[in-house]
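One structure is given below, encoded as structure tokens.
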Amino acid sequence: MADFTVGNIIIEEDLAVERFACDLSRCKGACCTLPGGRGAPVLPEEVDFLLQAVPVVRKYLPSEHLRVIDSVGVVEETDGSYFTVCVDDKACVFVCFEQGVARCAIERAYLTGEFGWWKPLSCHLFPIRRLRDDRERIRYDRINECSPAKECGNKNNVRLHDFIKDGLIRAYGETWYEEFRTRCKQLDTTNQDKIIFSSKIK
């Protein structure tokens, strides 16, 4: 599929046609516990929010995560880029567990009114990733752990661009999102027409 552009943002066309809706009962919050040792990408202006969140969310965090936070902190820097610290090269230090499901303690505090900031933008946009070179691009990050989300999205006809609406508006604004969504609907309709036509000629 070809890329398309809204404003100055280059967008992978799969974002217009993919179905996606998290199914936490099956994935168990895998995106917050992926192995590899590097946590969520963090913008420089988000670092202070993460530091401010620590005293608020400590009560939600496992003791092992608190030990890591107290010994090495919550953010690491690599070549000028920032990431949340991980525990045992897997779970983000801000992960709390509810009935075996990994959840973000910062988001939990935000939703209960205890903290005024939601979570890192990269987490809010997942499974979309932002790439920057001469222009900004956004692409769909396909990982095996999200196969339940694809199945759930297809079953319930939830479009990926609708599922991450709040994150996209936070990143680019409501006017941009509405133009983006209109383009997505046009491309999705065209894609569905192609599928129907292809099935008829088989």
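The values are calculated or read from the model by the stated rules, or taken from the named source; none is laboratory data. Everything quoted here is computed from the prediction, not taken from an experiment. Note: ideal-geometry Cβ built from the backbone for every residue, glycine included; neighbour counts use all protein chains shown.
A few points about this structure:
- Counted residues, the stretch 23-66 - those being surrounded by fewer than 17 Cβ atoms within 10 Å (Cβ to Cβ), under 29 Å from Asn156 (Cβ atoms) and of a type in the set (Ser, Thr, Tyr): 1
- Which listed residue is of a type outside the set (S, T, N, Q), free of Cβ contacts under 8 Å to residues at least 24 places away in the same chain and under 27 Å from Arg159 (Cα atoms), from Tyr110, Tyr140: Tyr110
- Verdict on Tyr82 being part of a strand (DSSP E or B), modelled with pLDDT of 95 or more and more than 16 Å from Leu34 (Cα to Cα): yes
- Close Cβ contacts (under 7 Å, 6 or more residues apart or on different chains) running from residues in the stretch 149-161 that are outside any helix (DSSP H, G or I) to residues that are at pLDDT 95 or above and surrounded by fewer than 21 Cβ atoms within 10 Å (Cβ to Cβ) comprise Asn157/Arg19; Val158/Arg19; Val158/Ala21; Arg159/Arg19.
- Selection status of Ile143, of a type in the set (A, V, I, L, M, F, W, C) and buried (at least 19 other Cβ atoms within 10 Å of the Cβ): no
- Checking the stretch 106-125 against the condition returns a match, with at least one residue being at pLDDT 95 or above, exposed (fewer than 15 other Cβ atoms within 10 Å of the Cβ), closer than 30 Å to Glu179 by Cα and not β-branched (Val, Ile, Thr).
- Summed over the stretch 90-115, residues that are assigned to a loop (DSSP other than H, G, I, E, B) and within 17 Å of Gln52 (Cβ to Cβ) total 6.
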